[in-house]
Structure formats: structure tokens, C-alpha cells
Amino acid sequence: MPLAVVAVGGNALIRDSSLQSVADQYTASVEMMRHITTMIQEGWDVVVTHGNGPQVGFNLRRSELANKHDGLHSVPLDSCVADTQGSIGYMFQQVLKNEFVLRGMDKESVTLVTRVLVDRNDPAFESPTKPIGSFMTEEEALKKQKEEGWTVIEDAGRGWRRVVASPVPEGVLEENAIKTLASQGFVVVAAGGGGIPVYRRKDGIVAGIEAVIDKDYVSALLASRLEADLLVISTGVEKVALNFGKPNETKLDRMTVEEAERYLKEGHFAAGSMGPKIEAILHYLQNGGKRALITSPEKLTDSVSGSGGTEVVA
């Protein structure tokens, strides 16, 4: 059967600020996994990746409060990524199994705690830019900088925050396990939150490092390495648009690699939103990928069948 890597955004599980609880996230998971189950029912093997930005933020906030008020030890960022891989994977597995039972499908899913290799000398570590955790006063931020070596910035007049590096992913250490499980028909939930960032020391030992890896870049890398037939990036809009939000906005049904590169250079895809998704898709297609889609969760199955979303082809 053909293989698809489907990337689910972490924000897809939190529809708005009033729906942030675990129960709310589970409800959102039900909707997303129903669409993926339909895709599986139509003949696809699927590897699911996902974001975890809001969930890691909640975990860091809990850790900070527990440390401040009760002296409990802080939780490192790489451990928070691992924690959310497990908790979000559990939700996805629960929903998928229930959908399989309801539809009479003989399928199983599995969540794989996934490490992603980065280069300790990546320039991103010299200039951290990814905000994480709670807002702080300047005094609190500078104290953290001094005592714990954090890099902190003033964030648009809203307070001070910690920033960490967002290095380029170089490899998925559990790649062979993912490939084996997918080939045996398992629905694999992997590389959650862009993967747990690790680096290889000169002596060959692998160690965790505090960083945030873009989940779309990792999804593209994994899709390429697995020789997947399709990469799907699920986001908040059904189609990619030129001149987004302007009177002359134009929604795109299809792009070639050359067109996507040109639109990217022309500034149509913002660095903080659609840009990284387009860059990830280009990486996949330029490294042997066949077909990629950007679409919203509710249009997933329509888009896969060719009647929705924006298709990008080599």
C-alpha cells in the first residue's frame, strides 16, 4: 500500500483559548483522527507526526510554578518534548483504536518516542530565536540568565521570555523502527513536536540538548527517508494563497516546485506561518518525494483524492 506522512499541527488540538484542557484536546483529536482513519480505510499506510508547542508551553509553566512555589526540580525542555510525545500519542492511539473498532477495521497504532539528531555547532545555537515558557519581569529574566545560562529577550512590550535555538534536523534516530512498523501495517505516531533534540558527542555518545525543532522540517525529512508516496501538512487553512489577506488574494489548487520557489522568493509565504511549510515540502520533493499537500484537517480526505487543498508536485 502507498505510504503517507501526515503532519498535524499542535495548535490543531487547541481550537481557541477557551478549549485548552486535556478533554478539549481529546475532542479535537477525535475529529482529526477520524479523517486519518478514512484515509487508512481508503488504502493508505500512515505515519502521523504532530506539533506540541502549546502543550510544551503548559508543561514548562507547570514546572516553573512548581519550582517557584514548592522547590520542585525543573523539567528540561528535551524531557518536556518527550512527555508530550507520550501524552499526545496516547490520545491519538486511543482515538484511532476506537475508530478502528467502530468501522470493523483490523488495525493497530503505536506511538514511538523519537529522537532527532541536530548539529551542536548549528549556527542557530549562537542566535536563539524561539520563545518558550512564561513571560517574566526583567529582573526575573536576568536572574535566570545569570543562574541558569538562559538566553532571554524582551518580547514586544509584553514582558521577557526565554528563547532557545531551532536547529536544522539532520536525522531521525528511530527511522528504522518507524519504517519497520509502518511496513507491518501499524499506524505509527512519531517525531512529535519535531522530535526530541539530541546531538552526538565526539566520543559517539548521544545526549539531549535544549532546543526546538520545526515539526514540518522533520516531517519532510522523515517522509523523504521513508520514501513516502505523499507528505501532508495539515494547517488552519484549506489552501495556500498568494497575497494572503489582501484584496487580490488568490488561492492555489496546485504548484510545481519551480512555482513554489518563485512565490517563496517573492515573499508570498511569511516566515512565521506558511514559509516553513513550503520550505519543508520543497526539501521533500527535491529529495525524491512525489507529491505533497497543504490543507485543513476537515479537507484531508478530499485533498488526498484530488478535490481540495493545495497540491505541490515535483
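The values are calculated or read from the model by the stated rules, or taken from the named source; none is laboratory data. Small disclaimer: the values here were computed from a predicted structure and weren't measured. Note: ideal-geometry Cβ built from the backbone for every residue, glycine included; neighbour counts use all protein chains shown.
Here are the numbers for the structure shown:
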item	result
Residue check for Gly104: of a type outside the set (S, T, N, Q) and touching a strand residue (DSSP E or B) at 6+ places or on another chain (Cβ under 9 Å)	no
Residue list for region 64-116, restricted to those being of a type in the set (Val, Ile, Thr) and touching a residue at least 60 places away in the same chain (Cβ under 8 Å)	Val81, Thr84, Ile88, Val95, Val110, Thr111, Val113, Thr114, Val116
Neighbours by Cβ (under 9 Å, 6+ apart or cross-chain): first from region 294-305, in contact (Cβ under 8 Å) with a residue 24 or more places away in the chain; second assigned to a helix (DSSP H, G or I) and of a type in the set (Asp, Glu)	Thr295/Asp302; Pro297/Glu31; Glu298/Glu31
Test for Glu64: is it farther than 27 Å from Ala12 by Cα and charged (D, E, K, R)	no
Segments classed as strands (runs of 3 or more DSSP E), wholly inside region 232-314, with at least 2 members that are surrounded by fewer than 19 Cβ atoms within 10 Å (Cβ to Cβ)	254-256
Residue check, Glu174 of a type in the set (Asp, Glu) and more than 20 Å from Ala82 (Cα to Cα)	no
Residues (closer than 25 Å to Glu108 by Cβ, touching a Leu at 6+ places or on another chain (Cβ under 6 Å) and part of a helix (DSSP H, G or I)) located in region 43-87	none
Residue satisfying condition, being at pLDDT 95 or above, touching a helix residue (DSSP H, G or I) at 6+ places or on another chain (Cβ under 8 Å), under 29 Å from Ser273 (Cβ atoms) and crowded, with 19+ Cβ neighbours inside 10 Å, within set Ala165, Ala191	Ala191
Residue in region 95-104 that is at pLDDT 95 or above and either in contact with a Cys (Cβ under 7 Å, 6 or more places away or on another chain) or part of a loop (DSSP other than H, G, I, E, B) (or both) present	yes
